[in-house]
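The values are calculated or read from the model by the stated rules, or taken from the named source; none is laboratory data. Since this is a predicted model, take the numbers as computed values, not measurements. Every residue, glycine as well, gets a Cβ built from its backbone with ideal geometry; the counts of neighbours run over all protein chains shown. Surface areas here come from the heavy atoms of the whole protein model, side chains and all, with no ligands, DNA or RNA. Shrake-Rupley method; radii C 1.70, N 1.55, O 1.52, S 1.80 Å.
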Amino acid sequence: MPVWEIHWLNLRLGNGYAEPGTRLLIVCGVDRCTICPNIVVTQADGEMSESFSMPATGSENGSFRFLSDKKEEQTTSPSCSLSVSGVSYTVSERAGPWWDLPSYRKRWTRQILNEVSFHVSSGEILGILGNSGSGKTTLLDAIAGRIGHLGTLSGDVFINGQKIKQEQYQDCFSYVLQSDNLLSYLTVEETLTYTAQLALRRHSEEAIRKKVSAVMSELSLTHVGRSVIGGRVFPGISGGERRRVSIACQLLQDPKVILLDEPTTGLDSMTANQIVVLLAELARRDRIVIVTIHQPRSELFRVFSRIAVMSRGELVFCGQPGEMVDFFSQCGYECPEYCNPFDIYVDFTSVDTRSVEREAATFSRMHNITSSYQGSAIYQSMLGKMEQSLRVSNKAAIPFKSKESPSSLVKMGVLFRRTMRNLSRDRMGVLMRLSQNLIYGLFIAFFVVRLDSDVTKGAVQDRIGIIYQAVGASPYTGMLNAVALFTSLRAISDQESQDGLYSKWQMFLAYVFHILPFSIVSVFIFTSFLYWTVGMHPDTMRFLCFSAVVLVPHIIGEWLTVVLLGVVQNPNMINSGVALLNIAGILVGSGFLRSTQQMPEVFQWLSYLTFQKYSCELLIVTEFHELNFTCMIHEGQPTGNSVIPGACLIAQGSQIIDQGYPGALSRYTLDFVLLYSFLPALLLLGVASFKIRDRLIRH
Ligand SMILES: Nc1ncnc2c1ncn2[C@@H]1O[C@H](COP(=O)(O)OP(=O)(O)OP(=O)(O)O)[C@@H](O)[C@H]1O
């Protein structure tokens, strides 16, 4: 028999002589295919993987299915099926904007999805088309159980005839979002390895390495394995390769159902084509692939096993490409020669809102096509398959993805290493992080130059000024760092936690611990320069205490920002919020603007809640305790007009402590403990905030 083609395919479940997922070498001739006796199984790229032999007996008993599009010899029922039954989604919206109160008070219900039903089996790729706003993304979200809690969702999703419960969605679907959320400074291989480490527990390092390289070769990423992902400010792999990395991250868990939201958006048409062909290949290897797509090229028409068209939340048509052409022709909407059928059929089913008359006409056309589809044999056959799948009960149970995630501690270790590696490769980021406090210190030193011991030359005022700046400004640098770095990590953790890799609070902890060494070094550089340059109390122990105190406001600024980013989406709001909180804290807690004893009682109580109270008190004691001042009036020098009357009454630093912060010396250790207790308190708040975020985003 002449050898025409060699296909790779997965042997189906229940054939009795090979595990599901085993790949067989099949040689196809003109009109029939056969299995090679005693074959050796290798990977598609020719590299030897696990190898074994298999007798040919049973190859013709109909226990496997050929997945090549040239040989459709379906002999067994598919290993997995997905049925979506009557899915509807409605949201309640305000009729007008908030500044138009009468209409703002009125609400109306908007139907985003209307009774959408379809059925897909493994080995198939379903392309969902439709004009912008037709409900494609909402449909994918509804299928994947990721729809928000803002609206009302009804209908059911079945996998292998089993209705999926809310907590099972995560285990059943892999969802590739429209945007690629990847760490810019990691290589492709590192990105996949860390994801595998988060997803797969019982795999040894060697097994993870093999898995990563298998997925890379499956998605043709091997040649860019050592290239960095790249970002907006520095080049990395191409947009198409980035898309493939996002898909590869999902494939590591061997999902049976993959949903992709517009994976070709932003890519040139050739790369977009390659991605769709690749997805079709993935589907052929015993998976269900559902993809929403904008303006595919006409040659992809036959690549999809099924094509669905959506308009105004309705599924206008869903069927095989050949059926689609026949159906629309029968409805009187022929696709003209040399035209892209995708464009033509989407145009026929879209509602044109440019004028009331056009809207009425196109809406009625869309409605007629939908009614014809629901009365067609294609729709009845789909319902029949759905019913059949609900009756069959001997299929694989949910979940479908590998669900072997490691312990919380291991996950946090992986997240810590991953964020640390990413940050440490960001040369400019690290440089800015380490130098920003120092640059600020340069400003202060330039302004003060050298501290004097003469009270008439600002000995007291300058010292208080430096303490004010050290406590008041260091939270800002922390805040800026967090907004710059954490918002992108938050997007990644939102996605990965929805994929079930970890909980959001674990990313929060990994973040706060990975920035800790950078914060310590940055503050130490700042204090080392400032303390000795301006000539603060020349005592090493006091310098260390000064550094230890200044470190806390800096860390609090960063951690507090991250905590708030858990519950508030908009980073600009957080910027303003943290800045205002810091100003309020300084006003109430520092005692610089107004002595604490002179403040109304409510503010005195409030001051205990501010970290500024403890840090300012500590720094005042650190600097002023046992410090003696001189006064040029006493030394018989000319006074001049600039001398503040009574300035020479302050001869010792302890007077400043006693007047402004009575008892501060005896509270020194307690103040330290209270100041540092803000850190674990913030950690707890952060965990709670990200647990809330988990709930907000998941439901
Ligand atoms: N929670 C919601 N509240 C109000 N409207 C919503 C909500 N979710 C979706 N919509 C609306 O539903 C419609 C469908 O949105 P969807 O994002 O699913 O469309 P789409 O077909 O994916 O569009 P595109 O191709 O432009 O991404 C849009 O008009 C959108 O504004």
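What the table below lists for this structure:
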item: Positions within the range 420-478 being acidic (Asp, Glu) and in a helix (DSSP H, G or I), in sequence order; result: ASP462
item: Some residue of the range 198-220 being touching a helix residue (DSSP H, G or I) at 6+ places or on another chain (Cβ under 8 Å) and over 26 Å from ASP286 (Cβ atoms); result: no
item: Condition check for LEU682: part of a loop (DSSP other than H, G, I, E, B) and in contact (Cβ under 8 Å) with a residue 12 or more places away in the chain; result: no
item: Per-region count, the range 227-257, residues part of a loop (DSSP other than H, G, I, E, B) and under 22 Å from ASP286 (Cβ atoms); result: 5
item: Filter result for the condition that a residue is β-branched (Val, Ile, Thr), part of a strand (DSSP E or B) and within 16 Å of the ligand (Cβ to nearest atom), over VAL346, VAL351, VAL309; result: VAL309
item: Any hit, the range 581-593, residues being outside any helix (DSSP H, G or I), assigned by TED's automatic domain parsing to the domain that holds ASP462 and open to solvent by less than 40 Å² (accessible area, probe 1.4 Å); result: yes
item: Candidate set: the range 253-273, residues that are touching a strand residue (DSSP E or B) at 6+ places or on another chain (Cβ under 7 Å) and either away from the ligand (no atom under 16 Å from the Cβ) or closer than 20 Å to SER79 by Cα (or both); chosen: the one most open to solvent (accessible area, probe 1.4 Å); result: LYS256
item: Count of the range 650-679 residues which are part of a helix (DSSP H, G or I) and of a type in the set (D, E, K, R); result: 2
item: Flag if LEU438 is modelled with pLDDT under 90, of a type outside the set (S, T, N, Q) and open to solvent by 20 Å² or more (accessible area, probe 1.4 Å); result: no
item: Checking LYS211 against (1) modelled with pLDDT of 85 or more; (2) more than 24 Å from the chain's Cα centre (by Cα), the condition it does not meet; result: (2)
item: Tabulated pairs, the range 333-357, first touching a residue at least 24 places away in the same chain (Cβ under 8 Å) and closer than 21 Å to ASN273 by Cα, second open to solvent by 30 Å² or more (accessible area, probe 1.4 Å) and of a type in the set (S, T, N, Q), C-beta under 7 angstrom, 6+ apart or interchain; result: ASN340/SER298; PRO341/SER298; PHE342/GLN295; PHE342/SER298; ASP343/GLN295; VAL346/ASN131
item: Flag for GLY133 being modelled with pLDDT of 80 or more and closer than 18 Å to ILE290 by Cβ; result: no
item: Among (1) open to solvent by less than 40 Å² (accessible area, probe 1.4 Å); (2) basic (Lys, Arg); (3) over 29 Å from VAL228 (Cβ atoms), the one test that ARG284 misses; result: (1)
item: Hits in the range 324-348 - residues which are acidic (Asp, Glu) and either within 21 Å of GLN374 (Cβ to Cβ) or surrounded by 12 or more Cβ atoms within 10 Å (Cβ to Cβ) (or both); result: ASP326, GLU334, ASP343, ASP347
item: From GLU241, GLU167, GLU218, GLU189, residue being farther than 28 Å from SER503 by Cβ, free of Cβ contacts under 8 Å to residues at least 60 places away in the same chain and not hydrophobic (A, V, I, L, M, F, W, C); result: GLU241
item: Where LEU260 falls short, out of the listed (1) in a strand (DSSP E or B); (2) in contact with a Cys (Cβ under 9 Å, 6 or more places away or on another chain); result: (2)
item: Cβ pairs under 8 Å, 6+ apart, first in the range 90-112 and modelled with pLDDT of 85 or more, second acidic (Asp, Glu) and near the ligand (Cβ under 10 Å from one of its atoms); result: ARG107/GLU93; TRP108/GLU93; THR109/GLU93; ARG110/GLU93
item: Enumeration of residues in the range 126-141 that are within 6 Å of the ligand (Cβ to nearest atom) and of a type in the set (D, E, K, R); result: LYS136
